[in-house]
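Below: one structure in C-alpha cells.
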Amino acid sequence: FNSNMVKGDRATWKANYFVRIGKLLEEFPRIFIVGADNVRSKQMQEIRVSLRGIAEILMGKNTMMCKAIKAHIGNNPQLEKLLPHIKGNVGLVFSKEDPTLVRDKILENKVAAPARAGAIAPCDVFVEAQNTGMGPEKTSFFQALNISTKIAKGSIEIVSRIHLVKEGDKVGASEATLLQMLNVKPFAYGLQIENIYDNGSVYSPEVLDITDDQLLAKFRAGVANVASASLEIGYCTQASIPHSIINGFKKVLAVAVETDVTFPAAEAAGAAAAANALGSARYALIPSAAGNVMSVSTATARTFLKPLIML
C-alpha cells in the first residue's frame, strides 16, 4: 500500500476539478443551484444523460466549489453572489439554453420512493378509502393511528380518506409502516432547483413561472395608477398627458356642439355622430357651471386626436 500514490492521485483529481469548474464558470452564463437530497447515483446518471447537450452537472464538496468560485471572482465579480447559496447538499447545473427548458428537464427526472421513518415529507400524504386486504388482527394498528375501519369480507377496510402526513412534518414509524403495508410510495425525489444565477443576477425558480402576459398586465396596471394619481393632483406626467388632452378636447367639443363656435374636428365629429358612423360614439348630458352641456365620448375624442398624440 503506497500512501504517497493515493495523496498524489487525490491532488491530481482536485487540480482537474478546479480546472473543470473554472472552464464551466467562464463558458456558461447561467447556473442552476440544485439540491440533491435523496438522489441516488443511478438516478443522477440518468439525469446527466437527459441533460446531455443542454446542460452540464457538477457535484462536489461545498468548500471546493466555493474555493473555485472565489478564484474566479477577479475575472467576474458577479460570481460572488453565488457563494451564500452554496450550502447543504447542492450541486451546480451550467447551461446556455432557455432557463425554462432546463428547469423542466431537471424536474421531470423524479423517482418514486417510499416514506421512511424520520424523513421530512416533501408533500401531503393521503390514504384513500380502500380494502387493505389485511386480516382483523391488524385492527389495533389502525386504531393507534386513529384511522376508522370496518371488517368487510374478512379483511380490514378503511372507510374514509385520511390525511396521514402533512407537508413539512416528520414521517413517524407507524405512518411509514402503514404506507409500506399498503405498498404506497408517496414521495418522488429528484434534483430540486433552489436558485438560478443568470448573468450576474440571482433569483428563485418561481420567477420562471411568470409569463409575458402577466408582466404586461402588471405594467399596464402601474401606468394606469400613475395616470390616475397624476390627474387627481393636477401634475402632468407622460402617462397622464394623453388623458388630459382627451378630457380637454371633449370639453371644447361639447362647447362647440352647444354654441355656434366651430372648428374642423368639431364639424367632423358632429357629422360622424349624425350619420351614426361611429357606433360606440354616443353623446351624454353632463352638468357644468353654465348649465347642461353636451359632451362626447372618449372613443370619439380618441378618433380625432390620434394624429395629434400617441395613445
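The values are calculated or read from the model by the stated rules, or taken from the named source; none is laboratory data. Predicted model, so just to flag it, every value in this text is computed and none were measured. Note: ideal-geometry Cβ built from the backbone for every residue, glycine included; neighbour counts use all protein chains shown. For the accessible areas, the whole protein counts, side chains as well, though only heavy atoms, and no ligand, DNA or RNA atoms are used. Shrake-Rupley method; radii C 1.70, N 1.55, O 1.52, S 1.80 Å.
Residue-by-condition table, conditions (1) at pLDDT below 90; (2) more than 15 Å from G35 (Cβ to Cβ):
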position	(1), (2)
I54	no, yes
L58	no, no
M64	no, yes
G74	yes, yes
L83	no, yes
K87	no, no
F94	no, yes
K110	yes, no
R116	yes, yes
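Considering segment 172-196 alone, what residues qualify as being closer than 22 Å to A117 by Cβ and touching a strand residue (DSSP E or B) at 6+ places or on another chain (Cβ under 6 Å)?
Step one: filter segment 172-196 for residues closer than 22 Å to A117 by Cβ, giving 172-190, 192.
Of everything in segment 172-196, those that are closer than 22 Å to A117 by Cβ and touching a strand residue (DSSP E or B) at 6+ places or on another chain (Cβ under 6 Å) turn out to be E175, K185, P186, F187, A188, Y189, Q192.
Of the residues R52, R103, R10, which is open to solvent by 80 Å² or more (accessible area, probe 1.4 Å) and not in a loop (DSSP other than H, G, I, E, B)?
Only one candidate qualifies: R10.
Here's something else I'd like to know. Among the helices (runs of 4 or more DSSP H) lying completely within segment 209-311, list those that include at least 1 residues that are under 37 Å from the mean Cα position of the chain (by Cα) and at pLDDT 85 or above.
Because the criterion is at least 1 residues that are under 37 Å from the mean Cα position of the chain (by Cα) and at pLDDT 85 or above, the helices (runs of 4 or more DSSP H) in segment 209-311 that meet it are 212-233, 241-258.
What do you reckon, is G60 open to solvent by 40 Å² or more (accessible area, probe 1.4 Å), free of Cβ contacts under 8 Å to residues at least 60 places away in the same chain and either assigned to a loop (DSSP other than H, G, I, E, B) or farther than 22 Å from E80 by Cα (or both)? Spell out the reasoning first.
Numbers: open to solvent by 40 Å² or more (accessible area, probe 1.4 Å): no; free of Cβ contacts under 8 Å to residues at least 60 places away in the same chain: yes; either assigned to a loop (DSSP other than H, G, I, E, B) or farther than 22 Å from E80 by Cα (or both): yes.
When the stated conditions are applied, G60 does not pass them.
For segment 137-162, give me each residue that is of a type outside the set (D, E, K, R), closer than 13 Å to V127 by Cβ and open to solvent by 80 Å² or more (accessible area, probe 1.4 Å).
Listed by number, the list holds a single entry, N146.
Next up: If you take the residues in segment 192-208 that are out of contact with any Pro (no Cβ under 7 Å at 6 or more places or on another chain) and part of a helix (DSSP H, G or I), which one is least open to solvent (accessible area, probe 1.4 Å)?
P205
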